[in-house]
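Visitor: Handing you a structure now.
The values are calculated or read from the model by the stated rules, or taken from the named source; none is laboratory data. None of the values given here were measured: they were computed from a predicted structure. Because the Cβ atoms are built from the backbone with ideal geometry, glycine has one as well, and the counts that use them run over all protein chains shown.
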Amino acid sequence: ETDEKAMRAGAQDYLVKGTFNPYDLERSIRYSIEHAKSLAEIQKLNTELEQRVEERTQELAMAIHNLEKANRTLKKAQTEIYKALQKEKELHELKSRFVTIASHEFRTPLSTVLSSASLITKYKSAEDDEKRLKHVGRIKSAVHNLTNILNDFLSISRMEEGKIHNVPSTFDLQSFSSEVVDEMQGFMKEGQRIHYQHEGDQQTVYLDKQLMRNVMINLLSNGGKYSGEASTIWFTTPIIGDIVKLEVRDEGIGIPDEDKSHLFTPFFRAQNVTNIQGTGLGLNIVKKYVEIMGGELRYESQLDHGTTFTITLPYTAQI
Ligand code: ADP
């Protein structure tokens, strides 16, 4: 009973009053001192151990953190490599399509150049002047076609490389458009004409000239290409409030309804144009250029009646 009470009170040992001798006392004190020493030692070891566990836990946490970071970097690198690979594949695809299309599309204008050039050498008298001029015209338009195809490919590859940027400057839209129209007029079909009109009091715009020129040339040449001889291509550039519009309307072959959803896909050509030269790249370029300039592109078309392309650009006067 005494033993139990002493233990409950926290004693390591005890001596019963009047029953112990100096020897027992001395032994008991020595035992207690030794015991206290061991206890202190154990506590010290325990604290050290806890400290080491804490340190190791921190080291492990750090190692896990670093591993996770490395993992994230690896994953990012993996995605980037995958993207680069995809891009490379697309470029490769583009290049092989270029070879196919170029070899196909170059043949017709090149044979026109060849035949017209050899015919010109045969027309020697002054009466043949008209015929000569006709063939010179054919050569010019064939070379123009070739240049267009090359320009389209160049634009696509520059876009793929992210090299096309919006570099606006201030210019007069009306005189700029008139110049483009004059240039394009020379490449229209027999009797075809471009009717150009600017609308609105404002004429000065702050836009990228290079991109605008390319967009206009593409739309006007499509207008001519996909409509008959002696037809008119209507071109207007109204500035209304805070928007600039480019509108190109033709009364040509139009676009079949079932082809409309693919119109802006690179290399896509509608089923009613198989006899007309083209790469199927122009509209894709136009759409991207318009987006780069912060604008929008819409069109309406009715088979055998005509097509209207409308581009809406933000009007910012920077004078
Ligand atoms: P391309 O004219 O070289 O074929 P585009 O990208 O300029 O290439 O046009 C893609 C297709 O859209 C054309 O092949 C044609 O089917 C159709 N298209 C474009 N503009 C017109 C238009 N003004 N009238 C009728 N069809 C058009």
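Visitor: Condition first: among the small types (Gly, Ala, Ser) and either closer than 25 Å to Arg158 by Cα or touching a helix residue (DSSP H, G or I) at 6+ places or on another chain (Cβ under 9 Å) (or both). Can you find one or more residues in the range 82-94 that meet it? It would help to see each step written out before you state the result.
Guide: Of all residues in the range 82-94, those among the small types (Gly, Ala, Ser) come to 84.
Remaining after also requiring either closer than 25 Å to Arg158 by Cα or touching a helix residue (DSSP H, G or I) at 6+ places or on another chain (Cβ under 9 Å) (or both): 84.
Yes: one or more hits.
Visitor: If a residue has to be more than 16 Å from Leu246 (Cα to Cα) and in contact with an Asp or Glu (Cβ under 8 Å, 6 or more places away or on another chain) to count, how many in the range 299-316 make the cut?
Guide: 3
Visitor: I need the full set of residues from the range 273-297 which are more than 7 Å from the ligand (Cβ to nearest atom) and over 20 Å from the mean Cα position of the chain (by Cα), in order please. Before you say what the answer is, go through the steps one by one.
Guide: Initial filter on the range 273-297 (more than 7 Å from the ligand (Cβ to nearest atom)): 274-277, 285-297.
Those that are more than 7 Å from the ligand (Cβ to nearest atom) and over 20 Å from the mean Cα position of the chain (by Cα): Thr274, Asn275, Ile276, Gln277.
Visitor: Let me ask something else. Could you list, in sequence order, the residues of the range 184-196 that are out of contact with any Leu (no Cβ under 8 Å at 6 or more places or on another chain), in contact (Cβ under 8 Å) with a residue 24 or more places away in the chain and not aromatic (Phe, Trp, Tyr)?
Guide: Within the range 184-196, Gly186, Met188, Lys189, Glu190, Gly191, Gln192, Arg193, His195 meet the criteria.
Visitor: Let me ask something else about it. Report every pair of residues separated by at least 6 positions or lying on different chains whose Cβ atoms are under 8 Å apart, first residue within the range 205-227 and closer than 22 Å to Ser301 by Cα and free of Cβ contacts under 8 Å to residues at least 60 places away in the same chain, second more than 9 Å from the ligand (Cβ to nearest atom) and basic (Lys, Arg).
Guide: Cβ pairs passing all conditions: Gly224/Lys189.
Visitor: On to the next question. Test Leu119 against the stated conditions and say whether it is under 30 Å from Gly162 (Cβ atoms) and part of a helix (DSSP H, G or I).
Guide: On the way: under 30 Å from Gly162 (Cβ atoms): no; part of a helix (DSSP H, G or I): yes.
For Leu119, the condition - under 30 Å from Gly162 (Cβ atoms) and part of a helix (DSSP H, G or I) - is not met.
Visitor: With respect to the numbered conditions (1) more than 30 Å from Ile149 (Cα to Cα); (2) part of a helix (DSSP H, G or I); (3) of a type outside the set (Gly, Ala, Ser), which one is the sole condition not fulfilled by Lys124?
Guide: That leaves (2) as the condition not met.
Visitor: Ok, one more. Would you confirm, using the coordinates I've provided, whether Lys122 is of a type in the set (Lys, Arg), at pLDDT 90 or above and farther than 26 Å from Thr279 by Cα?
Guide: Details: of a type in the set (Lys, Arg): yes; at pLDDT 90 or above: yes; farther than 26 Å from Thr279 by Cα: yes.
Criteria met by Lys122.
Visitor: Right, something else. Can you name the number of the only condition in (1) over 24 Å from Thr108 (Cα atoms); (2) within 15 Å of the ligand (Cβ to nearest atom) that Arg269 fails?
Guide: All conditions pass for Arg269, except number (1).
Visitor: Identify all residues within the range 232-266 that are more than 25 Å from the chain's Cα centre (by Cα) and farther than 30 Å from Phe171 by Cα; write none if there are none.
Guide: Glu251, Gly252, Ile253, Gly254, Ile255, Pro256, Asp257, Glu258
Visitor: Scan the range 222-229 and give yes if some residue there is within 15 Å of the ligand (Cβ to nearest atom), out of contact with any Gly (no Cβ under 6 Å at 6 or more places or on another chain) and of a type in the set (Ser, Thr, Tyr), otherwise no.
Guide: no
Visitor: In addition: What's the number of the condition Arg269 fails, among (1) under 24 Å from Glu160 (Cβ atoms); (2) under 26 Å from the mean Cα position of the chain (by Cα); (3) touching a residue at least 60 places away in the same chain (Cβ under 8 Å)?
Guide: Single failed check for Arg269: (3).
Visitor: Report those strands (runs of 3 or more DSSP E) wholly inside the range 204-302 carrying at least 2 residues which are touching a Pro at 6+ places or on another chain (Cβ under 8 Å) and within 22 Å of Leu94 (Cα to Cα).
Guide: Details: elements: 204-207, 232-240, 243-250, 296-302.
Ranges flagged: none.
Visitor: Given the options Leu74, Leu91, Leu85, name the one that is surrounded by 10 or more Cβ atoms within 10 Å (Cβ to Cβ), under 31 Å from the mean Cα position of the chain (by Cα), in contact (Cβ under 8 Å) with a residue 24 or more places away in the chain and at negative phi.
Guide: Details: Leu74 fails: in contact (Cβ under 8 Å) with a residue 24 or more places away in the chain; Leu85 fails: in contact (Cβ under 8 Å) with a residue 24 or more places away in the chain.
So the residue among Leu74, Leu91, Leu85 that is surrounded by 10 or more Cβ atoms within 10 Å (Cβ to Cβ), under 31 Å from the mean Cα position of the chain (by Cα), in contact (Cβ under 8 Å) with a residue 24 or more places away in the chain and at negative phi is Leu91.
Visitor: Okay, next question. Look at the range 161-182 and say how many of its residues are surrounded by fewer than 14 Cβ atoms within 10 Å (Cβ to Cβ) and part of a helix (DSSP H, G or I).
Guide: Here the count works out to 3.
Visitor: Give the residues of the range 298-316 that are more than 8 Å from the ligand (Cβ to nearest atom) and on the phi > 0 side of the Ramachandran plot, sorted by residue number.
Guide: Result: Asp304, single match.
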